[in-house]
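J.: After the structure tokens below, expect a handful of questions from me.
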Amino acid sequence: MWRARAVVNRCVLAGSGLAVLAVGGWLTLTGTGAGRRLPSWWPAPGAVDRGLLDVARQRGAGWWTPVTVGAAVVLTALLAHWFRTRIRGGPSRPLSPAAPECTVRPQALAEALALRAATVPGVARSRARVLPGTRLRLEVRLRVWLRPGVSPRAVLPALCAVTAEAGESAAPYTAHTRLRLSAVSHRVPRVR
């Protein structure tokens, strides 16, 4: 899932960059005196007006302005939403559990979850992230590194109990946990 998201993000970024570069280059060449310095094989700026994008003729149609403005608004809203979901800057808002007048920082909950998961027998180390989602939803990401020779089947019930305990402590929020297990490699020290 992460790699697919990274590929999509890079493709959108590259496509946006190419589009901005193409439009900027076209505007630079046609809007200034640079059109006189074009090579002989390059079409003249006035020759493009009779192509598919004959803007002067399209603006005379009644549908051009509403469609253009609507498409620009929709594209801007989609890009703003995408940008908002990609960027999570600054401190996240505190969580309000069921206890009256009590708040918990998501980072504190993540640290407690990571420490609790590290106490499970067979776990070498752990790392947790708690991301407040929309409304009363929490995204909990728990990364656990197992000691060499430890089976994931032996550790998984205890880790599920730890994540369930964290979900109960964050009530009324519903915690959606993503657990990732890795093994610590058998590194043999080399002597040179």
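No lab work stands behind these numbers, since they all come straight from the coordinates. All values reported here derive from a predicted model rather than from experimental measurement. Glycine also receives a Cβ, built like all others from the backbone with ideal geometry; neighbour counts cover every protein chain displayed.
J.: Report the label-to-label distance for Ala22 and Thr76 in nanometres (one decimal), using points 7 Å from each Cα along the Cα→Cβ vector.
T.: 2.3 nm
J.: Can I ask one more? Can you list residues from other chains, or at least 5 along the same chain, whose modelled amide H is less than 5 Å from the amide H of Arg125?
T.: For Arg125, the qualifying residues are Trp145.
J.: Starting from the amide H of Arg105, placed 1.01 Å from N in the peptide plane, find each other amide H under 5 Å away whose residue is 5 or more places distant or on another chain.
T.: Placed amide hydrogens put Leu95 under 5 Å from Arg105.
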